[in-house]
Every structure is written in C-alpha cells, then in structure tokens.
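Chemist: For reference, the structure I am asking about is given below.
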Amino acid sequence: MKMLTKKSILFIVLLCSAMWVRAHQPDMSTTMLVEQENGVWVLQISASLTAFQQEVKIHFADTPYKTPEEFQSMVLEHVKNTLSLRVNGVDKVSFSRGIVKLGHETRVIFEVFGISEDLQKIDIINNVFKDVFKSQSALVISKNGFDKKQFVLNNENEHSINLLVEKNSFVNAKMEDSETVGNLLKAGAITLSIVVFIGLLLFRYDSKEHKILSALLN
C-alpha cells in the first residue's frame, strides 16, 4: 500500500512538472480532437498564456484588448481564423462558440459539428501559433474504438497533416506514400538484380556455346 502511494505521488509530481514546463514554453502546444462517449466531438487547444498573448498582439494590433473578456473573444476568433479541419476531403466542419480557460496553461475548447460517422480522412491545418518562434504542436486524435494517436505539427510539415483511416487507427498519408515509394523502389531494385543475373547467365551460356561451336568448326 505504501509503495502504491509513493508511485501515485511520483506520477502526480511528474505530471504536474510536465504541465508546468509546457505552460512556460510558448513554442509548445497541444491540440486534441476527441470523440466523447455520446458521439460528440470536442476540440481542445492548450498552450502557455504567453503564446496566446503573442498571437493576439500580432493579429489584433489595431484593436488592443482592454479586459480579459476582450482577450478571450480575440483568442476564439484567432483560433477559428487559423485552424482548418476538413473531413473526408470535402466536408468542412464548424465549431461552437467556444470557451477560453485562462491560466499559465490556457485552454480553448470547442464542440465540433459535421464530423461524419463514416470517417475516412482528416485534414488539419493548425496555424494558431505559427508566429511563435519554432512553434510545434502535439496533435492527439481520439476516436471511440480507435487507437489513440499522436502526431507533431511544426515548420517542417507547415503545421498541417493529412490523416487516413486504416482499420481502427489513423495514419499519416505522407508516411504511407513514402512507404509505398520505398516499396516500389525496393521491388524495382530486386527486379533489376534478377534481370542482370539472368543476363549474366545468358552471356556465359552464349560464350560457352560459342567456344564449343568454334572447337567443332576447327
């Protein structure tokens, strides 16, 4: 029992430490798209208050906020303007009014409408913190009955990702394409090796046959 208590305390300390570090790193953020038990989808974006303040100052420079309520309103508008979520390649979803929970780690939460039950593909562009130096966001997708997956959005992938559904899991479409190309190249290399090998055998056979004919003629 004592051992269990110590482990629990250690887990809580580590969890709080991780949250504290993220809350004080403006370049780190988390975006979670979660399907709840009732089939309702929720989008939550978590980042340091500093990151949200930096983006608001840039995008609302002409109308600086004077109250926390104005700041929250600007945060919601900024997120809706800079985050795109598309389902099955054609259906663009919509968001609820949304709420902002201020703190060292600030959270923005929306209910998401328009995600098809027959989910085959998700395309996400997340430029919410694109102006933050070396910004990177952990993207977590959680659908009922699916494996939970985490992906990273950063400057290298232009803060965007295309996800495909394979069985009960989400996979990065670009990674799938890379693997397909790699497999084709491997298959091509194997085929070329076989052709070269057969060519060498035929060459040796022709050379040997030529020597035999020469011997007979002489």
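Chemist: Taking interchain pairs and intrachain pairs at least six residues apart, which have beta carbon atoms under 6 angstrom, with the first residue in the range 156-169 and farther than 13 Å from Asn127 by Cβ and the second of a type in the set (Lys, Arg)?
Modeler: Pairs found: Leu164/Lys121.
One line per residue, one yes/no per condition, for (1) among the aromatic types (Phe, Trp, Tyr); (2) over 27 Å from the mean Cα position of the chain (by Cα); (3) modelled with pLDDT under 95:
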position: Cys16; (1), (2), (3): no, no, yes
position: Arg22; (1), (2), (3): no, no, yes
position: Val56; (1), (2), (3): no, no, no
position: Glu70; (1), (2), (3): no, yes, no
position: Val79; (1), (2), (3): no, no, no
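Chemist: Here's another thing I want to ask about it. Scan the range 103-160 residue by residue and report those that are at positive phi and among the acidic types (Asp, Glu).
Modeler: Within the range 103-160, Glu158 is the sole residue that qualifies.
Chemist: If a residue must be of a type in the set (Ser, Thr, Tyr) and assigned to a strand (DSSP E or B), how many such residues does the range 114-157 contain?
Modeler: Of the residues in the range 114-157, 2 are of a type in the set (Ser, Thr, Tyr) and assigned to a strand (DSSP E or B).
Chemist: Hey, another quick one. Please count how many residues of the range 64-104 are in contact with a His (Cβ under 9 Å, 6 or more places away or on another chain) and crowded, with 17+ Cβ neighbours inside 10 Å.
Modeler: Adding up the residues that qualify gives 3.
Chemist: Which fully enclosed strands (runs of 3 or more DSSP E) of the range 24-103 have 1 or more residues being under 19 Å from Leu163 (Cβ atoms)?
Modeler: Answer list for the range 24-103: 28-35, 41-48, 83-87.
Chemist: Test each condition in (1) open to solvent by 20 Å² or more (accessible area, probe 1.4 Å); (2) not in a helix (DSSP H, G or I) for Val108 and report the one that comes out false.
Modeler: Of everything listed in (1) open to solvent by 20 Å² or more (accessible area, probe 1.4 Å); (2) not in a helix (DSSP H, G or I), Val108 misses just condition (1).
The values are calculated or read from the model by the stated rules, or taken from the named source; none is laboratory data. From a predicted model like this one, the values you see are computed outputs, not experimental measurements. Neighbour counts are summed over all protein chains in view; Cβ atoms, including those assigned to glycine, are modelled from backbone coordinates with ideal geometry. Accessible surface is based on the protein model in full, side chains and every heavy atom, while ligands, DNA and RNA are left aside. Shrake-Rupley method; radii C 1.70, N 1.55, O 1.52, S 1.80 Å.
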